[in-house]
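Report on the structure given below.
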Amino acid sequence: MHETFYDVMRRQGITRRSFLKYCSLAAGALGLSPAFAPKIAHAMETKPRIPVLWLHGLECTCCSESFIRSAHPLAKDVILSMISLDYDDTLMAAAGEQAEAIIEETIEKYDGNYILAVEGNAPLDEDGMYCIIGGKPFVEQLKHAAEHARAIISWGSCASWGCVQAARPNPTRATPTHNVPGLADKPIIKVPGCPPISEVMTAVITYMLTFEQLPSLDNQGRPKMFYSQRIHDKCYRRPHFDAGQFVESFDDEGARRGYCLYKVGCKGPTTYNACSTVRWNGGLSFPIQAGHPCIGCSEDGFWDKGGFYERLSDVRGFGIEANADEIGKVAAAVVGGAAAIHAGVSVVKQITSKGDDA
């Protein structure tokens, strides 16, 4: 009998109360109502852990670093208990031939029932020789593991879009997972970001374990529950954008006042991610809150779309035909017009009052 997530938590000394609290927090992270907490608890108590093969291609390991630091809803000491992480050459104790043998054992034992997590991408030039794992091109390892997987999760922008390795001129022909020949017919979930938010990564796994299906995806293959809104839509600095109040240069008076970072290159208006809602480091902060503009790292080809600190062109506000520069003028005109109207009304009231007194 396969061990469940709840079995592992109990073995680690976690109380029933803490377990139920975790399920409630997990429901919130998934954007579900508290009524779904019992369903998550039932899944954790009865369903076996999901076998996972986690492969690494061309990447910097920032996705793994983010994943293991998830603080909410998963504590770091139980995060790897929810899945059966059978292979991860960064985190596993085994090495060499012993490690590589685990891939074949998992494929044979869980054929068609394991999740393939991919961090990084595959270089296709020179027959894949720019990335060698266990004496073989990574692209061969990827195709072999993908052939028998239930679904594939592309962690981060490297696996989802190609990221810096695939930026022009892309000498190695670094290729995102969904464009690797032979993988097009596999269900692929893209979780982009450089790196993705840790709680977003763990919530995707939680959803698949609870509902035994892939989360609802947008037209680019990203989970809608985390990638359906622009960072700009929920940014706490949005009122400053609408009011035409912008940081003109770093450390100016506008920066000290917390004005909108659009003019110093913020890509929040064109970037779909949960940074402004879920945030980072246990919900503590995110780049814009720390005074740095969004660089759009979760979007396709963000390395090739111009400088990180170059402002976007022609970003509209208020749903009208006005760009960000004009918004400030409109806001000033509205304030000035309101002041004029107020003054006019005051004069009329004074004249009316004098007439009544007479």
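For the reader, a short list of remarks on this structure follows.
- Single residue of segment 70-112 satisfying the filter (β-branched (Val, Ile, Thr) and part of a loop (DSSP other than H, G, I, E, B)) that is modelled with the lowest pLDDT: 78
- Of the helices (runs of 4 or more DSSP H) entirely within segment 210-262, those holding at least 1 residues that are closer than 30 Å to residue 44 by Cα and under 24 Å from the mean Cα position of the chain (by Cα) occupy 224-227.
- Scanning segment 152-204 for residues that are farther than 15 Å from residue 220 by Cβ, buried (at least 24 other Cβ atoms within 10 Å of the Cβ) and charged (D, E, K, R) yields a total of 1.
- Look at (1) crowded, with 21+ Cβ neighbours inside 10 Å; (2) not assigned by TED's automatic domain parsing to the domain that holds residue 300 and you find that residue 216 fails only one, number (1).
- Entry remark, segment 283-308: residues being surrounded by 12 or more Cβ atoms within 10 Å (Cβ to Cβ), out of contact with any Phe, Trp or Tyr (no Cβ under 6 Å at 6 or more places or on another chain), in a loop (DSSP other than H, G, I, E, B) and modelled with pLDDT of 90 or more number 11 in total.
- Counting only residues that are farther than 12 Å from residue 191 by Cβ and of a type in the set (Ser, Thr, Tyr), segment 216-232 holds 2 of them.
- In segment 113-202, counting only strands (runs of 3 or more DSSP E) that sit wholly within it, none holds 2 or more residues that are farther than 25 Å from residue 85 by Cβ.
The values are calculated or read from the model by the stated rules, or taken from the named source; none is laboratory data. In this text, all values refer to a predicted model and were calculated from it rather than measured experimentally. Quick reminder, even Gly has a Cβ in these numbers, built from the backbone with ideal geometry, and neighbours come from all protein chains shown.
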